[in-house]
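To start, the structure under review is shown below, and the notes come after it.
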Amino acid sequence: MNNPQLNDKGELIHLLTLEGLPAEVIGRILDTAVPFVSVAERDVKKVPLLRGKTVFNLFFENSTRTRTTFEIAAKRLSADVINLNIGVSSTSKGETLLDTIDNLVAMNADMFVVRHGQSGAPHLIARHLSAAGQTGIHVINAGDGRHAHPTQGLLDLFTIRHYKHEFSRLTVAIVGDLLHSRVARSLIHGLTTLGTPEVRAIGPQTLLPAAIESLGVHVFHDMADGLRGADVIVMLRLQSERMKGALLPSAGEFFKHYGLTQDKLALAKPDAIVMHPGPMNRGVEIDSAVADGKHSVILPQVTFGIAVRMAVMSMLASS
Amino acid sequence: MNRRNALPDAETALAALAERMQGAIAIDAALVGIYSGGAWLAQRLAEMLPGNHPLGYIDVSFYRDDYSKKGLHANVATTQLPFEVGGSRIVLIDDVLYTGRSVRAAINELFDYGRPDSIELAVLIDRGGRELPFEPTYVGARVSVAKNLSIVLNRQLDGRLELTVEAAGGA
C-alpha cells in the first residue's frame, strides 16, 4: 500500500491525516513530544533542530490558535516562520493554489503548514511536490474542510495518554457537532488505531455524520446514556458558522440536551477528564463551571499542542 | 569480534574515575550525566563521592550536529536539571569520549538553561580520536580501538556496569 505520508523507510514525510497512519508512527510522535514539553519551562525556550529552515504558514481559512501554536512550535525549534494571510494576497488576484506553492518553493521553503476550507488541499500540495521531485519539502495539514486536523488529533491523544497512561481500557465520549468536525474525525481514527475499546459519538441525529458507526464508534442520542462510565469526555464546538439550514432549533435548546454541566459530568467516572479543542462557546456546549472545574484539561491541551507540533516538525525535517 | 579483552572492566574504571574526582571537584558541584551511559555513571558517582552533589541528566538529541543526516532517534529522554544552572559548578559526565561532538552539544544545551560558573568533564573511557578541541578533566581509563568499532556501556539487571565493543553505525 502506498501511503503518501511515509517514505519507503516508513518515516513520516508529510502529515496529512491520522487515517491509515500505523500505530507505531503515532506512538513515535507522542513519545517524541514528551521531551519537548519541558523546553517551554526553560530560560531559553528554544532548541536548534530547525535552525536555517523556513516554515510557511499558509492559512486559507481563519484560525488564531492553531496558526499561533504552529508559529510558536516552529520558532521554538529555531526555524524562520513566514505567515501568509492568503485571503488578502495573491489568490484574491487569481493565482492558483499550486502556482502559489511553486512561488514559495522558489523562495526555498522547507515546510508548509496548510489550512484550507477544501478537504484534500494539503494532499494535493504534497502530491504536487513529489511529482516535481521536491522530496525535501514537507506538508503538514493544519485542518482541511471537514476532512482532518491531524495535529489536533495527536495533541488530544497526547493529552489522554498523559492523564490516562494507556488506551486499552478507556471509554472516550465525543459530544456535539461531529458533522462539521474534522477534529472528531482525526481523533476517532487515532483512538481506534491505538486500540481504544469504546469510542462513543453523542449528539443529535442532525449533527452526526451518516454511517459514522463505520469508523468503529457507538452512537448515542441521549447524552446521559453516552456519558455513563466515560473516562474521557471531548466536547466539540458548535460550528454555527458552517451550518446551512435548520440543523438545530436554537443554541439554548442544544445546551439543554447536549451541553456539559456538572450534573451530567457526574455520570462519568469520578476521575474523568474533560477536553475541548477550542474555541469554547460557554453556555452553548459547555458550562463555565465545568470548563473551569477540576476535571477540565482544556488549557493543558493547548500547552501540549505546541510540544506535539514541535515533535511532528522535527520528525518531518529529519526524514 | 573478540575485542572485549582489550577493554578495561567498567567497575574498575569507575572506581579509578571516582578516586580522581574525589577532593578535586567542588564540594557542591552538580553531576550532570549525558543519557544514557553518563546518566548511570552520574548516579553511581553521586553515591561514591563525599558531599551532597545535585544530580542532573541531559539528552543532547535536540542539539546534535548530525540531526539533519541521522534524524531524531526513537527514544529521546527529557533533560532534567533540577538546580539553578546559572552560577553553578558542573561536572559533565559521559561514558565514552570520542569525537567530542556530544560534549559540544551538551555544553550548548547547558547554556540554554543558564550561565554556569564552570564546567568540568569526567569520562569513564577516553578513546582518543577527537574532532573538536575538548579534553576531559577526569578519566577512568584510556583505550584505543579501531575506528569502525564503538565502545558501548551497558547496565546489568543488578546495576553492574559493563563495557562491550560493537560494529559502529550498525543501526
Quiz item: In whole Å and largest first, what semi-axes does the C-alpha gyration tensor of chain B yield when each eigenvalue is scaled by 5 and square-rooted?
Solution: 24, 20, 14
Self-check item: Neighbour count of at most 14 Cβ within 10 Å plus DSSP loop: longest GluC sites (Glu not before Pro)-free window in chain B
Solution: B:1-83
Quiz item: When DSSP beta bridges are limited to those with both residues in the protein assembly as shown, what percentage is antiparallel, rounded to the nearest 5?
Solution: 15
Practice problem: Please report the relative contact order for chain A, taking Cα pairs under 8 Å with a sequence separation of at least 6, and give it as a percent rounded to a whole number. | Solution: 20
Quiz item: Which net charge results when you count Lys and Arg as +1 and Asp and Glu as -1 among the other residues whose beta-carbon is under 12 Å from that of residue A:290?
Solution: -1
Practice problem: Just order B:139-145, A:49-55, A:232-238 by mean Cβ neighbour count inside 10 Å, highest at the front, would you? | Solution: A:232-238, A:49-55, B:139-145
Self-check item: Over the range A:150-297, relative contact order from alpha-carbon pairs under 8 Å, at least 6 apart, %
Solution: 24
Quiz item: P(r) for the range A:150-297: what percent of alpha-carbon pairs falls in each 5 Å bin, starting at zero?
Solution: 2, 10, 22, 25, 23, 13, 5, 1, 0
Quiz item: Can you list the residues of the range B:99-119 with backbone N under 20 Å from a point 7 Å past the Cα of residue A:303, pointing along Cα to Cβ?
Solution: B:113
Self-check item: GNM flexibility winner over chain A from A:264, A:164, A:93 (Cα, springs under 10 Å)
Solution: A:93
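Anything over 20 Å Cα to Cα? Flag those among A:75/A:294; A:164/A:269; A:164/A:256, in the order listed.
With Cα atoms farther than 20 Å apart: A:75/A:294; A:164/A:256.
Per-residue Cβ counts within 10 Å, from other chains only, averaged over B:56-68: what number is that?
The shielding value for this peptide is 3.
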Quiz item: Most mobile of A:144, A:99, A:110 per a Gaussian network model of chain A (Cα springs, under 10 Å)?
Solution: A:99
Quiz prompt | Beta bridge orientation in the range B:32-171: antiparallel %, DSSP, nearest 5 | solution = 30
Quiz prompt | Loop trypsin sites (Lys or Arg not before Pro), the range B:1-60 (other Cβ atoms within 10 Å of the site Cβ: 15 or fewer; DSSP) | solution = B:3
Exercise. Shielding by partners for A:31-39, please: the mean number of other protein chain Cβ atoms within 10 Å of each residue's Cβ.
Key: 4
Self-check item: Mean Cα-pair separation over length for chain B, i.e. relative contact order, pairs under 8 Å, 6 or more apart, %
Solution: 25
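Add -39500 (n - 2.57) for each DSSP H run of 4 or more in chain B, then divide by its residues: what number comes out at 222 nm, to the nearest 500 deg cm²/dmol?
After summing the helix terms and dividing by the residues of chain B, the value is -6500 deg cm²/dmol.
Every read-out reported here was derived from the displayed coordinates using simple, explicitly stated rules and does not represent laboratory data. Remember, it's a predicted structure, so these values are computed and weren't measured experimentally. Every residue, glycine among them, receives a Cβ derived from its backbone with ideal geometry; neighbour counts consider all protein chains shown.
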